[in-house]
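Please read the structure below before turning to the comments.
Nothing in this text is a laboratory measurement; each read-out follows from the coordinates by a stated rule. Not measured: the values here are computed from a predicted model. Because the Cβ atoms are built from the backbone with ideal geometry, glycine has one as well, and the counts that use them run over all protein chains shown.
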Amino acid sequence: MKNDKMILYVQTSDQPERQYSPLVLAQSAKAMDLEPAVYFLGMGLKVLKPGAADAMQLGSFPSVGEMLRKTIEMGITVYVCEASKQMLGWDAVELIDGVKIVGAATLNDLALDAGATMWF
């Protein structure tokens, strides 16, 4: 069943300049009493390795690591695609705390349930 309050932000990139938008939007959605979720797949997973996001900072924004921690602390679920881990050859890789590793079909389910889906 469609949840009009849910917004799904899908992150596919490991480029620093593409990290802020989904996190800022998810935090804003949470502040608006909406139900945001962020789903990382493909090359986006590289950002979730410990230390990687802390090394990314643009302009006067906090580091991407700080943004990710705040997102998770706000209760926003950050999903990680298991199939993407396999694609990258990561059998046993450490990721930042607080992320939820899920199957690829979860993205389809989330997209079908969300009131809106945005891709980055």
Problem - Surrounding net charge for residue 73, when Lys and Arg each add one and Asp and Glu each subtract one, Cβ distance under 13 Å - result: +1
Exercise for the section: Quickly estimate the mean residue ellipticity at 222 nm for the chain, helices only: each DSSP H run with n ≥ 4 gives -39500 (n - 2.57), and the total goes over all residues, rounded to 500. Expected result: -9000 deg cm²/dmol
Completion exercise
If the chain between residue 17 and residue 30 were fully extended at 0.36 nm per residue, the gain over the current Cα-Cα distance would be 2.5 nm
Fill in the blank from the handout: Two pseudo-spin positions, 7 Å from Cα along C-beta at residue 54 and at residue 5, lie apart in nanometres by 3.5
Practice task
About the Cα centre of the chain, how large is the charge dipole given +1 on each Lys and Arg Cβ and -1 on each Asp and Glu Cβ? Please answer in debye to the nearest 20.
Solution key: 120
Exercise for the section: Check cross-link reach from residue 85 to the aspartates and glutamates: straight Cα distance under 12 Å, and skip same-chain residues fewer than eight apart. Expected result: 94
Exercise for the section: Using amide H atoms built 1.01 Å from N in the peptide plane, name the residues 5+ places from residue 35, or on other chains, whose amide H lies under 5 Å from its own. Expected result: 6, 7
Problem - Most mobile of 68, 23, 88 in a GNM of the chain (Cα contacts under 10 Å) - result: 88
Handout entry: Summed residue charge, Cβ within 12 Å of residue 44's Cβ, Lys/Arg positive, Asp/Glu negative
Key = +3
Problem - Order of 70, 46, 2 under a 10 Å beta carbon neighbour criterion, fewest first - result: 2, 70, 46
Completion exercise
Exposure-ranked with fewest Cβ neighbours within 10 Å first, 63, 28 stand as 28, 63
Practice task
State the label only: which of (i) 0.94; (ii) 1.02; (iii) 0.92 corresponds to Rg/Rh (Cα atoms, Kirkwood Rh) computed from the shown model?
Solution key: (i)
Practice task
List every residue whose amide H lies under 5 Å from the amide H of residue 77, counting only residues 5 or more places away in sequence or on a different chain, with H placed 1.01 Å from N in the peptide plane.
Solution key: 38
